Every structure is written in C-alpha cells, then in structure tokens.
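The values are calculated or read from the model by the stated rules, or taken from the named source; none is laboratory data. Not measured: the values here are computed from a predicted model. Glycine also receives a Cβ, built like all others from the backbone with ideal geometry; neighbour counts cover every protein chain displayed. Surface areas here come from the heavy atoms of the whole protein model, side chains and all, with no ligands, DNA or RNA. Shrake-Rupley method; radii C 1.70, N 1.55, O 1.52, S 1.80 Å.
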Amino acid sequence: MVEAMRQCDDNVTLDIHLCVDRPARYIKPMADAGATRFIFQWEAMTGNSTLAAALDIAQEVNNNGMKCGVSINPSTPVEDILPLLESGLVDMVDVLAVEPGFGGQSFQDSALLKLRKLREWRASARVLSGNDMSHVKFMVDGGINTNTSSLVTEAGADIMV
C-alpha cells in the first residue's frame, strides 16, 4: 500500500503509524516502500528498558532515511517519553485521545493535559538547555470533531487526525 501511494506522488508525505508489537521488523520494509515518517507505539516496547528499546527503534528509523515519531496511549504519562524526545531522534508525538483499535470512541480529556505538558516542554527545552525543539510536532489522534478541534489546538496540537 505504501509503495503504491508513493508511486502516485513522489512529493506526498507518508506518515505510517504502526500500532503493532515488535515494530522494528517493519522499519526497513516501510523505508523501502517510501514512507516518510515511521510512528511507533511507545507501549509496544519490550525488554528491560522501554527507553532503550525506543531509542534503538528511533535510531534505526533515522538510519533508514525516515523521520521518526512516537505514539502514546491515553493511559501513558507524557513524562515517560520526554527522554526519548530529548535524544533528538524523534520529531513527532502522536497523542492518542482514544484507546487504539476501537472506532467511535469519545475524546478523552487527558489528551489536552498531555498536549499542554508537551507544549510547555517544547518551550522550556530551549530556555533550559539551549536546544531548539520547535521542530517536534504534536499530533492528536481520535475523537476529533468541531467541538474538540479548537480545544486541542488551544492545548498545543499542531496536527489533528
């Protein structure tokens, strides 16, 4: 599918969000197919260190010529992913506002708090460390409608799905 879409338009951005276990096995095939960005699920990281596993995946994604994003479930604290963001290997955070895998769910307000925290982190990273993190984009995924779109924009979302 990714390869077919890439053949239709060489200039289109193809962000691929894989909510799967062992996402590393899909990095090279997605890069070869022409994906622009590989977004993996934080909760799919296994082993002794979630952060170490996530850093390995993000490095591999970058090594394969793609941009890298991370997605977090509604129950995951945003603080869990900050060390990954500070590595500079990830340029997008996908904040899920619904539980993955089930359509028609209502927007969870916890996404607003996460977006606000991420927005504050992005602003403070430059002040505290001198690192400009303005390139890191925040996407909110699920439950978006005419009522929630303005709320997520005000909270700091750059992209809505």
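For segment 84-95, does any single residue satisfy the condition of being more than 21 Å from Thr36 (Cα to Cα) and part of a loop (DSSP other than H, G, I, E, B)? Scanning segment 84-95 turns up no residue that is more than 21 Å from Thr36 (Cα to Cα) and part of a loop (DSSP other than H, G, I, E, B).
Residues that are assigned to a loop (DSSP other than H, G, I, E, B), out of contact with any Gly (no Cβ under 7 Å at 6 or more places or on another chain), open to solvent by less than 70 Å² (accessible area, probe 1.4 Å) and not acidic (Asp, Glu): does segment 112-131 have at least one? Yes - at least one qualifying residue is present in segment 112-131. The condition (being in a helix (DSSP H, G or I), open to solvent by 20 Å² or more (accessible area, probe 1.4 Å) and among the polar types (S, T, N, Q)) is satisfied by just one residue among Gln59, Gln108: Gln59. So, Glu43, is that one farther than 22 Å from Asp141 by Cβ and part of a helix (DSSP H, G or I) or not? The answer is no for Glu43. Within segment 16-49, which residues are of a type in the set (Lys, Arg) and either modelled with pLDDT of 95 or more or crowded, with 18+ Cβ neighbours inside 10 Å (or both)? Passing the criteria: Arg25, Lys28, Arg37.
Looking at Asp32, Asp80, which is the one that is part of a helix (DSSP H, G or I) and under 24 Å from Met160 (Cβ atoms)?
Working: Asp32 fails: under 24 Å from Met160 (Cβ atoms).
Unique residue meeting the criteria: Asp80.
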